[in-house]
Structures are given as C-alpha cells and as structure tokens.
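The values are calculated or read from the model by the stated rules, or taken from the named source; none is laboratory data. Keep in mind the model is a prediction, meaning the values are calculated, not measured. Backbone-built Cβ (ideal geometry, glycine too); neighbour counts: all protein chains shown. Each accessible area value is taken on the protein alone, full model and side chains, heavy atoms only, with ligands, DNA and RNA left out. Shrake-Rupley method; radii C 1.70, N 1.55, O 1.52, S 1.80 Å.
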Amino acid sequence: MTLADFFQPIILSEITSTTDFLNSQLGKTITRYEESFPDLEDADTRPHLAIVGVEEDRAAVNNRGTAKAPNEVRKHLYELYEGDYTLRIVDLGNIKAGARIEDTYAALRNVVEELVKMQIVPVIIGGGQDLTYAQYQGYENLEQKVEVAVIDSRFDLDQESDENTTLNSTTYLNHIILHQPDYLFSLSNIAYQTYLVSKESINMYNKLFFNTMRLGAITGKLDQSEPLIRAADMVSFDMGAIRASEAGGNANATPNGLYGDEACQLARYAGMSDKCSSVGFYEFNPTFDPMGHSAMLVAQMIWCFVDGFYSRKGDAPMYPKSNYIIYRTSLESDDYELVFVKSKKSDRWWMQVPYFGTKSVNERFFLVPCRYEDYQLAVDGEMPDLWWRTHQKLQ
C-alpha cells in the first residue's frame, strides 16, 4: 500500500470557482493531487510540507460538520500570496472517512508516520480534535520520545476514564497519556481557561509534571508560550481556543479566548520551531461559518505556520558551539550549577537539565527551551519551575 491509496484527489472546481490563480498565489504554487499523486521520493525535489485533509467528524462532540473543513479552508488558502521564499509544499488531498472511525485513525496514523520519516511536515486540516490521537500514533514506530503541545481552552480528558473509554474529541488526551507503548515525554496545554477545567485535571497535570499555561498568563505577552511550543514535536490546535467573535465556526466556541492575530502568532511559533514535525488544525465547522470568516482565519493560521517554517534558524543547540553563548549560575544551596544556552542567531534560550541522579553538567543532560525570565530566576538564586518539572521526567 502506498500513500496515494489513503487519499482522494482534489477536484478544484468543487472547491472554488477561481481556477486561474496569479503566479504568486498559493493556488498556483502549491502542487496538488488532482490527476497524478505528487512525487515524494526524490530527495532533490521532495516537498518540505504536505497538506492533509481529513473528512472525519464522527467523534467531534457537539460539533458534527467538521468533516467539511478541509475544502472550505482550501478555498481561502489558495487565494493567499506566498512569502519571500521558495515554496515547496504539496496538497495531498483528503483522507475520506473510513467505514469505521478506527479506519480513519489508522489511515492518518500511517500518513503521519510516512511523511515524518521522509522529513515532510504534515499540515493536517480536520476534522475533530480526536484526530490528534492518530497524529500522535504516527510517532509510535519512530523510536523517539514525543513532546505534545495542545492549544485549547479545555483539557480534553475524563478523570474517571481508562484505556477502554470511548475515544472522542473530549477524551483523546486520556488515550495519549495511557497509550502503550509509552513514548510521551511531555504534554503542554496552552491558552486554557480555568473555569472550563476541573481542579482535578490541573492536579493530574501537576503530578505528571506536564506543562500548563492559562489564557490570562499569555494575554498581552504571547511570547511566554513560545518555549513550550518550541519544545513540541507535534502541535494540535483546537479552533475552540479562539473567542467566538473572532472565529464563530465552531459549535463549542465561547465568548473568551484567543484573538485571531494571537492564534496566527502561535501558529507561527510552531512553524519556526526546528523540532515541530507535524501540526493539526481541528474543530473548524463550516456549518457555523456562513460568511467564511473562520475558514479565512484557519487559512491565515496555516499561512503563518508555513511562513514560520521558512523562517527557521536551524539553531537548536549545540553545534557548532560558536553559535551560542553559555551562561552558568549557581543556586543558593549550591546543589546544582544551572547552565543556560543562548542562540546568537535568534536570541532564543535553552536550559540544560541533567538526567536524574546526576549533578554534573558534564554528564548526560537534556536541553529544554526556556525563557530569559528563567535565566533571571536562576541568577536570583531560585530554581525555575520548568527545570524541576523536566528533571522529574528524566527519572
């Protein structure tokens, strides 16, 4: 079975009446699967990114209709203009809903796995956010620990569930956390709203040393979330994280949430991350978007992700060392010397965290993206919370 077997080709006339795109519009520069499946094998011409539509909404709780999202987003994405870079992106078409929802999950899992192996970043347009689980399963055979960032107003998990709980858009995190084999290293939930999350869920995140960042903590200072996104191998974006006045195309939209430009900036952070190898945009429902504004916003978020991708600095530490500045600090207890790394290319920061049971940075350590504020805390003699959480996970 080849990748082409999972996809239905694009019929452009069913998406838009505009087929004569200008030279710099994405509709002209994106290679589409219309008659023949794009060549993904040639290393010299291999695309950098691949658009993957998923027409599946059976597990989108209270939001049926998201299966229509991919083509509605394409309608507006194709009309956008490319940035100042040579674009190498393909649109592979849509994964049709299988006879069973498990068939759809299996198809997306295989697609993500194959694309990531080829170092092609899948840009997934769903569909319900339960598809995040299939996106995560795509990493199972890649023999690596995975860090996941979810941008959502809620924690999509059920405190009373187990691995046998029905998988849907409100429980998929349970399945990621309990999945065997366990290759989840870290989970970050960004832009959650406290009144939509139970204290039990927050306590569970803390016990597992996962990361959370509530909406109020990043309002007006969106850059505080950048290190969590930069640490992620995969990013999942729930359109319900955006306030209803900005993106009403979601049956579960609420009055509060991110603004449209903030959502675009978070998408750009994901694109800029050297580590991010897949991204998914879920829960957009055209049924509630008669004017097409939400579809336009999703298209612009994808554009920002692509723009961020072509702005990558390739500066994930640590070679060559001449590209970095090393800062060393000692805590008041002198138990550990904290080491920070700053990139000369981007001014971004990382923190060295030794593996459990070691105190010397000359032994094995893990580099975790951090903020300048974490370095300031260490200079003042305080242990950054991010250091402690990461250290506990390295047991």
Give me, ordered by chain and number, the residues 5 or more places off Ser153 or on other chains with an amide H under 5 Å from its own placed amide H. Ala241
Pair Met118, Val61: separation of 7 Å Cα→Cβ label points (nm): 3.6 nm
Carbon-plus-sulfur fraction of the accessible area of segment 3-311, 1.4 Å probe, in percent? 46 percent
Out of (1) 64, 63, 41; (2) 67, 48, 42; (3) 71, 52, 46, which label holds the value of Cα extents along the principal axes in Å that was computed here? (2)
Here the net charge surrounding Thr390, from other residues whose Cβ is less than 14 Å away from its Cβ (Lys, Arg +1; Asp, Glu -1), is +3
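If you roll a 1.4 Å probe over the heavy atoms of the protein chains, what accessible area per residue do you get for the chain, in Å²? Walk me through the intermediate numbers first.
On the way: 17090 Å² over 395 residues.
I get 43 Å² per residue for the chain.
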Sorted by accessible surface (1.4 Å probe, heavy atoms of the protein chains only), largest first, Val279, Val116 come out as Val116, Val279
Sequence-distant residues sharing a close amide H with Leu187 (under 5 Å, placed H): Val148, Asn211
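Applying 1/(1 + (r/R0)^6) with R0 = 35 Å to the Cβ-Cβ distance of Asp380 and Asp274, what FRET efficiency is obtained, to the nearest 0.05? Numbers along the way, then the final one.
Numbers: r = 30 Å, r/R0 = 0.85.
Approximately 0.70, to the nearest 0.05.
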Which cross-chain or sequence-distant (5 or more) residues have an amide H under 5 Å from the amide H of Gly248, H modelled 1.01 Å from N in plane? Ser294
Vicinal HN-Hα couplings computed from phi for segment 125-134 (Karplus, 6.51 cos²θ - 1.76 cosθ + 1.60; Hz; Gly/Pro x): 10, x, x, x, 6, 4, 5, 4, 5, 5
